[in-house]
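Before any comments, here is the structure.
The values are calculated or read from the model by the stated rules, or taken from the named source; none is laboratory data. On a predicted model such as this, the values are computed, not experimentally measured, just so you know. Glycine gets a Cβ as well: all are built from the backbone with ideal geometry, and neighbour counts include every protein chain shown. Please note that ligands, DNA and RNA were not included when accessible areas were found on the heavy atoms of the full protein model with its side chains. Shrake-Rupley method; radii C 1.70, N 1.55, O 1.52, S 1.80 Å.
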Amino acid sequence: MADALPSLRETLDAHGLLAKKSFGQHFLLDLNVTRKIVRYAGPFEGRAVIEVGPGPGGLTRAILESDAGKVVLVEKDPRFIPLLSELDDGSGRLTIVEGDALNVREAQLVEGPAHLVSNLPYNVGTPLLIKWLTGPWTPCALTLMFQKEVAERIVAAPGDDAYGRLAVITQAVAEARIVMHLPAAAFTPPPKVASAVVHVVPLADRPSPERLKKLERVTAAAFGQRRKMLRSSLKQLGGGDLCEAAGIEPDARAEVIDIAGFLRLADALK
Ligand SMILES: C[S@@+](CC[C@H](N)C(=O)[O-])C[C@H]1O[C@@H](n2cnc3c(N)ncnc32)[C@H](O)[C@@H]1O
């Protein structure tokens, strides 16, 4: 399989497949790198894996070498479907879906728990993460590539400069950690920014959709004016009274409130 990768690069050239900027295409063509990502994502122990945005299939090849059960690919760019079909050994293990991951209903693609692995297009990374963590279908684990700064915003702790809405919403429903850093040079063509792989495991006991909606309202207001004291930034939602009902110091700023504190503020909302 390792020998196949130079030919993957050659295949791209032979097919005249240039990366499209509009699809956020930056490819991983080194199987050593894609295998490492898949090691962080697994073990899969026969569970299904959905890969979003397989492109020419560098990450797909590593997934197919692993202990994944069913492997489902969702790719928006039709140019890659013939290349991906060449990875199908006819056993029924691989399913290729041409479509937009933002609109796909994953529950219709897999039965039972499934992992999600993706070198995500940067422009849809955050909406997809929120869709998978707060939507009706949630994977048992997600291993996703993000722009380094976005990865830092996902895993940030109270007091960090990067701590904000994305950290609170993600960590209210999941445990998230950065498992790998990748320089721009690891990709073809190289993006302008460095990247990081984030491994996310949804909590068994996640807040209800209603509670999450309230959390989104509170965090939008609190971080919308992050330099202000909460009594002021949360004025429209109850200000100092809301803080007191939640046991939060009204003179504190959003950046120091932990996840439990934000959940208490959400619960205190009328
Ligand atoms: C950063 S490239 C990664 C390609 C491949 N996984 C790799 O590592 O070499 C992102 C891929 O996602 C695809 N893509 C972009 N937007 C998408 C969407 N909304 N749904 C599904 N695939 C998408 C692109 O066409 C591209 O193949």
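Annotations
- Within the range 96-137, the residues that satisfy the criterion of being without any contact (Cβ under 8 Å) to a residue 60 or more places away in the chain, in a helix (DSSP H, G or I), within 13 Å of the ligand (Cβ to nearest atom) and not aromatic (Phe, Trp, Tyr) are Glu106, Gly125, Thr126, Pro127, Lys131.
- No other residue among Val168, Val179, Val198 is closer than 20 Å to Leu128 by Cα, modelled with pLDDT of 95 or more and open to solvent by 10 Å² or more (accessible area, probe 1.4 Å) apart from Val179.
- The helices (runs of 4 or more DSSP H) found wholly in the range 154-270 and carrying at least 3 residues that are in contact (Cβ under 8 Å) with a residue 24 or more places away in the chain occupy 165-173, 209-224, 259-268.
- As a summary of the residue check, Arg93 satisfies the conditions (1) within 7 Å of the ligand (Cβ to nearest atom); (2) open to solvent by 10 Å² or more (accessible area, probe 1.4 Å); (3) at pLDDT 95 or above except for the one numbered (1).
- Residues of the range 8-54 that turn out to be surrounded by 14 or more Cβ atoms within 10 Å (Cβ to Cβ) and within 12 Å of the ligand (Cβ to nearest atom), as a count: 23
- Each residue in the range 76-92 was checked for being in contact with a strand residue (DSSP E or B) (Cβ under 6 Å, 6 or more places away or on another chain) and either in contact (Cβ under 8 Å) with a residue 24 or more places away in the chain or among the aromatic types (Phe, Trp, Tyr) (or both), and 1 of them qualify.
- Checking each residue of the range 65-74 against the condition of being surrounded by 21 or more Cβ atoms within 10 Å (Cβ to Cβ) and within 7 Å of the ligand (Cβ to nearest atom) gives at least one match.
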